[in-house]
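J.: Okay, here's the structure, questions in a sec.
The values are calculated or read from the model by the stated rules, or taken from the named source; none is laboratory data. Bear in mind that the values here come from a model prediction, so they are computed numbers and not experimental data. Every residue, glycine among them, receives a Cβ derived from its backbone with ideal geometry; neighbour counts consider all protein chains shown. Protein only, heavy atoms only, side chains kept; ligands, DNA and RNA dropped before computing areas. Shrake-Rupley method; radii C 1.70, N 1.55, O 1.52, S 1.80 Å.
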Amino acid sequence: CQACQQPLPGDCPVVYAERAGYSRQWHPACFVCCRCAEPLVDLIYFWKSGATWCGRHYCESLRPRCAGCDEIIFSEDFQQVEGLAWHNKHFACLECETLLTGKPFALANASLLCSTC
C-alpha cells in the first residue's frame, strides 16, 4: 500500500489512481486526502505533487479561500492580511459591515473590525 506500506493481499480490494500510475496501490481505507485524511474512495480526487487531495484542499492549493464567505477566490483582485484572504466585497467590518479597503482596521480571531467598532 502506498500509504501504510503494508502488503496488499491478492484477495483484498485495492484502489488505483490513474494519474499516479498503476504501480501505486492503496487499501481502500488508506486512499485519503493528504491534508485532511478524508476518505476518497467514493469521491472525486486530485493528484498533485505525488499525493492525493480532496477537492476542497486541491482548490486551496491553487487559489486562496475567502475568510468572509468560505468560497475560493478566482479574481486576481482581493485583499490579503496575515495569511487570510477576502473578496473585496467581503473585506468589511464584522459589526457594521463598512468596507475596509484603504481604511484602518483590526484583525481579531480572523474577524475584521473597523476603528469605530
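J.: On the basis of being aliphatic (A, V, I, L, M), closer than 30 Å to Glu18 by Cβ and at pLDDT below 95, does Leu94 make the cut?
T.: On the way: aliphatic (A, V, I, L, M): yes; closer than 30 Å to Glu18 by Cβ: no; at pLDDT below 95: yes.
No: the conditions fail for Leu94.
J.: Only residues in segment 87-104 that are open to solvent by 40 Å² or more (accessible area, probe 1.4 Å) count as the first member; pair them with residues that are assigned to a helix (DSSP H, G or I), Cβ under 9 angstrom, at least 6 apart or cross-chain, and list the lot.
T.: Close Cβ pairs satisfying both conditions: Leu99/Asn88; Leu99/Lys89; Thr101/Asn88.
J.: Read through the list (1) of a type outside the set (Asp, Glu); (2) under 14 Å from the mean Cα position of the chain (by Cα); (3) surrounded by fewer than 19 Cβ atoms within 10 Å (Cβ to Cβ), then give the number of the only condition that Pro39 fails.
T.: Condition not satisfied by Pro39: (2).
J.: Just to be sure I understand, how many residues within segment 1-30 are basic (Lys, Arg) and more than 11 Å from Thr52 (Cα to Cα)? I'd like the intermediate steps shown before the answer.
T.: Within segment 1-30, the subset basic (Lys, Arg) is 19, 24.
From the residues that got through so far, the ones that are more than 11 Å from Thr52 (Cα to Cα) too are 24.
Qualifying residue count, segment 1-30: 1.
J.: Can you tell me which residue within segment 42-83, out of those that are within 25 Å of Ala108 (Cβ to Cβ) and of a type in the set (Val, Ile, Thr), is surrounded by the most Cβ atoms within 10 Å (Cβ to Cβ)?
T.: Once the filter is applied, the top-ranked residue is Ile73.
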